[in-house]
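Enquirer: If you scroll down you'll find the structure; I have some questions about it.
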Amino acid sequence: MSDAAEPAKTEREIEILHAIEYPAARHTRLNSRSLTVKGWCFDYKGQPLRGMRARIDDREFTVKRKHARFAVGHIYADCADRELANYAGFAAELELPAGKSEVIIEFKTQDKKWHELERRTFETPRFRWPWQKAEESDHSYAAWVEQHDTLDDEDRAQIRAHIETFTSRPLLSVVMPVYNPPEKYLRMCLDSVVNQLYPNWEFCIADDTSPAPHVRKVLDEYAAKDPRIKVHYREKNGHISASSNSAIELATGEFIVLLDHDDELPEHALYLVANEVLEHPETDLIYSDEDKISEQGQRNDPYFKPDWNEDLFLSQNCISHLGVYRTSLIREIGGFQIGMEGSQDWDLAWRAIEKSTPDRIRHIPHILYHWRTIEGSTALNLGEKPYAQIAGHRAVEAHLKRIGRDDVKMELTPEATFQLSWPLPDPAPAVTLIIPTRNFGHLLRPCIDTILELTDYPNYDIIIVDNESDEPETVALLDELKDHESGKIRVLPVAGPFNYSKLNNTAVDATDADLVALINNDIEANHPEWLREMVSQALRPDIGAVGAKLHFQEGLLQHAGVFLGYHDAAGHFFRGLPWSFYGHANRANMVQNITAVTAACLVIERKKYLEVGGLDDGTFAVAYNDVDFCLKLHTGGYRNLYTPFARLFHHESASRGAGEKTSGGKARAKDEISALNEKWGALIRNDPNYNPNLSLDSEQGELAFPPRRPEPWKA
């Protein structure tokens, strides 16, 4: 064993910040002795670390460092060396012993001394026969694939039997441009189409003058074996857009299915596409969930997507793979656009969507595409092809211009997605911040102080709704705030039992501001632009309620939008994970449509608030009033929205927590959950902005065992 670690340094010359992103702290029981620990660590004061290691008993494991964590650099932009924060990520591949063991993560400082960062205790199985399947308690993606995404002979027989019942069999044209792929992966790709369980397909391939002789040899070989395979050899290299268009020219099917030359389709992909077309014949565009597949054939990094989500698609190409388009629509818009290489499929999707309607865009919640991760691929690293980011910017920018919104500004985020800044009118519209409170002056004071000190929005006032506060400290604070020098504050007394909905509704009636912001008394502002960002989103005609990214003082996420179905009610995305956590497919860090947001910090136009009747102060007096309110907006045709670019602290139920733990509080909560299900049961069981492959027992985007998705062949 090398030199022992010392206790963590406390001298002023270093200030180590860190987070363990995976595994979550509660994941102590594992069904494998292999473990990957991921996180980030850097010195806020700018001292580079000399190294990191993991120790288990007398064994040492190398920790690979300097992985990109641009979100960390973004949040800690004022640190001494932002580059250290930008590349603060680390990962350690560990082999654990049988039974219980303690993993100690350590870092080395410039004085070559080791210091402890964190320690975790894990328990692994003592023995398992090699032929045994993964146990239910193993929640890894490999276990999920084995248990819930691997077809057996019975599945195949049922799929073939289901195909026999189809009233028609739409011809699907798989379109693939080819340029110099390795022979191994080209054959795998071709085989994945040839082996489809659904038989009515054609494979339209255009080779873009590949210099490697094996490409023509392999393509000719496959075309000779199967008449459904058509190959066109271009005479001049034109890159991916031109070669894709050449492949589209070969297509005679009703729908075009896009495939890259080194990726793979699972054998039931085209069957599920055809089934979707038959069930929804008006469809113009279909997309599926996807994952990545390594050079060794290991599946990883799944993306379980929401149903059509316009604002998410402005930030990220979440359609991507598997993309399926009505052929007539693709021909109407002229196919792929030359010059958009790198994000040609994003541009294609936007131009198709502009000619369609949301109800004609379908999402299949199955993994129907395996994206190959090989050296130089964006599947492995977005930074491999920086031109793709530039093209993505141009694709979204062109869409905005076509719909008359070229006043929207775009900026590439540290996570390689896009932030759109929607303009504010001049002068800025009036906003009333509504803060209900009953006592708890020690929370109310920092709430008011941080809002007044940090908020840069030019036109807002505050209504504090006082629900019979009687603590001397709070009464004195309210008296003080009535005469606050800013002139922005008024106190509105409302008597009676605590009814959160009624308190807010009363305040909304007491203002004529253009917008209202519902703010809990345990919220604290922590950056200037939070209200400007929320108002600019809320002013969009089709947007309903706008929610913020909230986190606890200790740095853990509290709210990144609300999803339905958690414990038969609703939960907060990614609650309890480090604030720097990207979330499933980076969703914690992107503007997106969300079915509901918390009223702890919610901004909406006042006219929209009144249009749906405000908060329900009869059925949902204390809890779930925000969920009910957002669902009224959702079903009324508005898109609710989460923005990570409005960040605030939230102590979460600090002023109501004790009351919720009483027998009366528990009974009321049970009644409100029952009422929520009675009113909104269909949406709660199938949140369009969540995914049936994700768990309803966790708020951290974990996998569902088993998934709740439909399996058409088992119907």
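The values are calculated or read from the model by the stated rules, or taken from the named source; none is laboratory data. Quantities reported herein were computed from a predicted structural model and do not represent experimental measurements. FYI the Cβ positions are ideal-geometry reconstructions off the backbone, even for glycines, and counts take in every protein chain you see. Protein only, heavy atoms only, side chains kept; ligands, DNA and RNA dropped before computing areas. Shrake-Rupley method; radii C 1.70, N 1.55, O 1.52, S 1.80 Å.
Enquirer: Among the helices (runs of 4 or more DSSP H) lying completely within the stretch 234-352, list those that include at least 1 residues that are aromatic (Phe, Trp, Tyr).
Expert: Where helices (runs of 4 or more DSSP H) fall fully within the stretch 234-352 and carry at least 1 residues being aromatic (Phe, Trp, Tyr), they are 269-279, 310-315.
Enquirer: Also, I was wondering about something else. Among the strands (runs of 3 or more DSSP E) contained in the stretch 375-491, which hold 3 or more residues that are of a type in the set (Val, Ile, Thr), buried (at least 19 other Cβ atoms within 10 Å of the Cβ) and at pLDDT below 95?
Expert: Details: elements: 409-412, 418-421, 431-437, 460-466.
By residue number, no strands (runs of 3 or more DSSP E) qualify.
Enquirer: State whether one or more residues within the stretch 508-524 are part of a helix (DSSP H, G or I) and out of contact with any Phe, Trp or Tyr (no Cβ under 7 Å at 6 or more places or on another chain). It would help to see each step written out before you state the result.
Expert: Looking only at the stretch 508-524, we keep the residues that are part of a helix (DSSP H, G or I), and these are 508-509.
So of that shortlist, the ones also out of contact with any Phe, Trp or Tyr (no Cβ under 7 Å at 6 or more places or on another chain) come out as 509.
So far as the stretch 508-524 goes, yes, one or more of its residues are part of a helix (DSSP H, G or I) and out of contact with any Phe, Trp or Tyr (no Cβ under 7 Å at 6 or more places or on another chain).
Enquirer: Do any residues in the stretch 194-208 that are without any contact (Cβ under 8 Å) to a residue 60 or more places away in the chain have Cβ atoms under 8 Å from those of residues that are open to solvent by less than 10 Å² (accessible area, probe 1.4 Å) and assigned to a loop (DSSP other than H, G, I, E, B), where the two are at least six apart or on different chains, and which pairs are they?
Expert: Taking only residues 6 or more apart or on different chains, the pairs are 202/251; 202/253; 204/251.
This table checks each residue for (1) in contact with a Leu (Cβ under 8 Å, 6 or more places away or on another chain); (2) more than 23 Å from residue 370 (Cα to Cα); (3) in contact (Cβ under 8 Å) with a residue 12 or more places away in the chain; (4) among the basic types (Lys, Arg).
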{"residue": "263", "(1), (2), (3), (4)": "no, no, yes, no"}
{"residue": "275", "(1), (2), (3), (4)": "no, no, yes, no"}
{"residue": "299", "(1), (2), (3), (4)": "no, no, yes, yes"}
{"residue": "306", "(1), (2), (3), (4)": "yes, no, yes, no"}
{"residue": "316", "(1), (2), (3), (4)": "no, no, yes, no"}
{"residue": "322", "(1), (2), (3), (4)": "yes, no, yes, no"}
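Enquirer: If you don't mind, there's one more thing I want to ask. Could you tell me which numbered condition residue 503 fails, if it satisfies all but one of (1) touching a Leu at 6+ places or on another chain (Cβ under 7 Å); (2) modelled with pLDDT of 95 or more?
Expert: Among (1) touching a Leu at 6+ places or on another chain (Cβ under 7 Å); (2) modelled with pLDDT of 95 or more, the lone unmet condition for residue 503 is (1).
Enquirer: Considering only residues that are acidic (Asp, Glu) and modelled with pLDDT under 90, look in the stretch 119-151 and name the one that is farthest from the chain's Cα centre (by Cα). Working first, answer last.
Expert: Keep residues of the stretch 119-151 that are acidic (Asp, Glu), which gives 123, 135-136, 138, 146, 149.
This time we only want the ones that are modelled with pLDDT under 90, so: 123, 135-136, 138.
On the way: 123: 30, 135: 28, 136: 25, 138: 23 Å.
Selected residue: 123.
Enquirer: I'd like the full set of residues that are of a type in the set (S, T, N, Q) and open to solvent by less than 10 Å² (accessible area, probe 1.4 Å), limited to the stretch 574-592. Give the derivation first.
Expert: Within the stretch 574-592, the first condition is being of a type in the set (S, T, N, Q), and the residues that meet it are 580, 586, 589, 592.
Listed by number, the residues that qualify are 580, 592.
Enquirer: While we're looking at this one, here's another question. Please go through the stretch 619-640 and give me each residue that is surrounded by 20 or more Cβ atoms within 10 Å (Cβ to Cβ) and β-branched (Val, Ile, Thr), ordered by number.
Expert: 627
Enquirer: Please work out if residue 627 is modelled with pLDDT of 95 or more, in a strand (DSSP E or B), over 13 Å from residue 505 (Cα atoms) and not aromatic (Phe, Trp, Tyr).
Expert: On the way: modelled with pLDDT of 95 or more: yes; in a strand (DSSP E or B): no; over 13 Å from residue 505 (Cα atoms): yes; not aromatic (Phe, Trp, Tyr): yes.
So residue 627 does not fit the description; no.
Enquirer: Residues of the stretch 39-52 being part of a strand (DSSP E or B) and surrounded by fewer than 16 Cβ atoms within 10 Å (Cβ to Cβ), which ones? Reasoning before the result, please.
Expert: Going residue by residue through the stretch 39-52, those that are part of a strand (DSSP E or B) are 39-43, 51-52.
Of everything in the stretch 39-52, just one residue is part of a strand (DSSP E or B) and surrounded by fewer than 16 Cβ atoms within 10 Å (Cβ to Cβ), namely 51.
Enquirer: Of the residues that sit in the stretch 329-346 and are of a type in the set (Asp, Glu) and in contact (Cβ under 8 Å) with a residue 40 or more places away in the chain, which one is farthest from residue 361 (Cα to Cα)? Talk me through it step by step, then tell me what you get.
Expert: Within the stretch 329-346, the subset of a type in the set (Asp, Glu) is 332, 341, 345.
If we keep only those that are in contact (Cβ under 8 Å) with a residue 40 or more places away in the chain as well, we get 341, 345.
Numbers: 341: 24, 345: 16 Å.
The extreme case among them is 341.
Enquirer: Counting only residues that are within 10 Å of the chain's Cα centre (by Cα), of a type in the set (Gly, Ala, Ser) and either over 25 Å from residue 685 (Cβ atoms) or in a helix (DSSP H, G or I) (or both), how many does the stretch 540-598 have?
Expert: 2
Enquirer: Further question: Any chance you could count how many residues in the stretch 528-539 are open to solvent by 20 Å² or more (accessible area, probe 1.4 Å) and either of a type outside the set (A, V, I, L, M, F, W, C) or at pLDDT below 95 (or both)? Please lay out each step first, then the result.
Expert: Taking the stretch 528-539 first, the residues open to solvent by 20 Å² or more (accessible area, probe 1.4 Å) are 528-529, 532, 539.
Imposing the further condition that a residue be either of a type outside the set (A, V, I, L, M, F, W, C) or at pLDDT below 95 (or both) reduces the set to 528-529, 532.
Of the residues in the stretch 528-539, 3 are open to solvent by 20 Å² or more (accessible area, probe 1.4 Å) and either of a type outside the set (A, V, I, L, M, F, W, C) or at pLDDT below 95 (or both).
Enquirer: Does the stretch 265-280 contain any residue that is more than 24 Å from the chain's Cα centre (by Cα) and hydroxyl-bearing (Ser, Thr, Tyr)?
Expert: Among the residues of the stretch 265-280, at least one is more than 24 Å from the chain's Cα centre (by Cα) and hydroxyl-bearing (Ser, Thr, Tyr), which makes the answer yes.
Enquirer: Taking helices (runs of 4 or more DSSP H) that do not extend beyond the stretch 135-225, which have at least 1 residues that are out of contact with any Lys or Arg (no Cβ under 8 Å at 6 or more places or on another chain) and open to solvent by 70 Å² or more (accessible area, probe 1.4 Å)? Step through it out loud before you land on a result.
Expert: Numbers: elements: 141-148, 153-164, 183-194, 213-225.
Result: 153-164, 183-194, 213-225.
Enquirer: Still on this structure: Quick one: count up the residues across the stretch 53-74 that are in contact (Cβ under 8 Å) with a residue 60 or more places away in the chain and crowded, with 19+ Cβ neighbours inside 10 Å.
Expert: Pass one, the stretch 53-74, residues in contact (Cβ under 8 Å) with a residue 60 or more places away in the chain: 53, 68-74.
Subsequent filtering for residues that are crowded, with 19+ Cβ neighbours inside 10 Å retains 69-73.
Qualifying residue count for the region: 5.
Enquirer: Are there any pairs, at least 6 apart or on different chains, whose C-beta atoms fall under 8 Å, with the first in the stretch 696-710 and assigned to a loop (DSSP other than H, G, I, E, B) and the second surrounded by fewer than 18 Cβ atoms within 10 Å (Cβ to Cβ) and among the small types (Gly, Ala, Ser), and if so, which?
Expert: That search, which allows pairs on different chains as well, returns 699/576; 700/24; 700/576.
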